[in-house]
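Asks: Quick one: this structure, given as structure tokens, is what I'll be asking you about.
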Amino acid sequence: QQSQRYVPMEEPEMITPPSLSSNPETLALFTKVAAETHDAYGKMIGSGIPAEDARYILPHGWATKMVVTMNARELHHFFSMRLCRRAQWEIRDLARRMLILAREKAPVLFSLAGPDCLTKGRCFESRPCGKPFSSMEEVLSGC
């Protein structure tokens, strides 16, 4: 993951959840607080506070970059867990985009990859959503 200790957070990119985007009042509040937080972070850095301490004020929605390494077995496991409807929307979207790429590069190897409800015929979550996917097209479309 990109270091917030060594990489200055000068041009913040906030990840805005869809639930906030659909409500103008909430989106305005989110945007205002994010801007105020960025301003406070800059003032802390400017006053000599070490970046590793100033970063504690940064919100969870601040974008970062990550590099991961997975083999085919781990990718299958990742897809089974993170394509589930109960997975958080952001990781579910990332998993969907990764599966599309994996299927392009190795179609046979990833032809059976996907959420458990579709690939294994049942959900293994302790609290299932009750809405299993009906097709891989539905999974890949992001619905």
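Asks: Sort 65-71, 46-52 by the packing proxy (mean of other Cβ within 10 Å over each peptide's residues), most packed first. All intermediate terms of the calculation are to be shown ahead of the outcome.
Replies: Working: 65-71: 8.0, 46-52: 10.9.
Output ranking for 65-71, 46-52: 46-52, 65-71.
Asks: Another question about this same structure. Out of [x] 15.8, 52; [y] 19.1, 57; [z] 14.6, 49, which label holds the value of Rg and Dmax of the Cα atoms in Å that was computed here?
Replies: Read-out taken from this structure: [y].
Asks: Using a simple charge model, +1 on the beta-carbon of Lys and Arg, -1 on the beta-carbon of Asp and Glu, nothing else, what dipole does region 5-85 show about its Cα centre, in debye to the nearest 20? Walk me through the numbers before you get to the answer.
Replies: Values: 8 positive and 9 negative charges, 81 e Å.
Result for region 5-85 is approximately 380 debye, rounded to the nearest 20.
Asks: For the chain, what does the relative contact order come out to in percent, with C-alpha contacts under 8 Å and a separation of six or more?
Replies: Details: 115 pairs, mean separation 28.7, N = 143.
20 percent.
Asks: Show me the helices of the chain, taken as full DSSP H stretches, that run 27 Å or more along their long axis by Cα and average 0.0 or above in Kyte-Doolittle hydropathy. Kindly include the intermediate steps, with their values, before the conclusion.
Replies: Numbers: long enough: 24-46 (33 Å, 0.04).
Helices meeting the criterion: 24-46.
Asks: Using DSSP to define loop residues, name the chymotrypsin sites (Phe, Trp or Tyr not before Pro) in region 59-139 whose beta-carbon has at most 15 other beta-carbon atoms within 10 Å. Before the final figure, lay out each step's value.
Replies: On the way: sites: TRP62, PHE78, PHE79, TRP89, PHE110, PHE124, PHE133; in loops: PHE110, PHE124, PHE133.
Answer by residue number: PHE124.
Asks: Oh, and also: Would you list TYR56, TYR41 from fewest to most Cβ contacts within 10 Å?
Replies: On the way: TYR56 10, TYR41 24.
Listed from fewest to most nearby Cβ atoms, that is TYR56, TYR41.
Asks: Place +1 on the Cβ of every Lys and Arg and -1 on the Cβ of every Asp and Glu in the chain, take the dipole about the Cα centre, and give the residue among LEU140, SER80, LEU94 whose Cα lies farthest towards its positive end.
Replies: Selected residue: SER80.
Asks: Sticking with this structure for a sec: What is the fewest-to-most order of ASP116, ASP93, ASP39 by other Cβ atoms lying within 10 Å of their Cβ? Before the final figure, lay out the partial values.
Replies: Values: ASP116 19, ASP93 15, ASP39 10.
If I rank by nearby Cβ atoms, fewest first, I get ASP39, ASP93, ASP116.
Asks: Now a separate question. Could you give the nm distance between label points at ILE15 and HIS60, where each point is 7 Å from its Cα heading toward the beta carbon?
Replies: Placing both labels 7 Å beyond Cα along the Cβ direction yields 1.1 nm.
Bear in mind these aren't lab numbers, they're just calculated from the coordinates by the rules spelled out. What you are looking at is a predicted structure, and each value in this text was computed from that prediction instead of being measured. All Cβ positions, glycine included, derive from the backbone under ideal geometry; neighbour counts span all protein chains shown.
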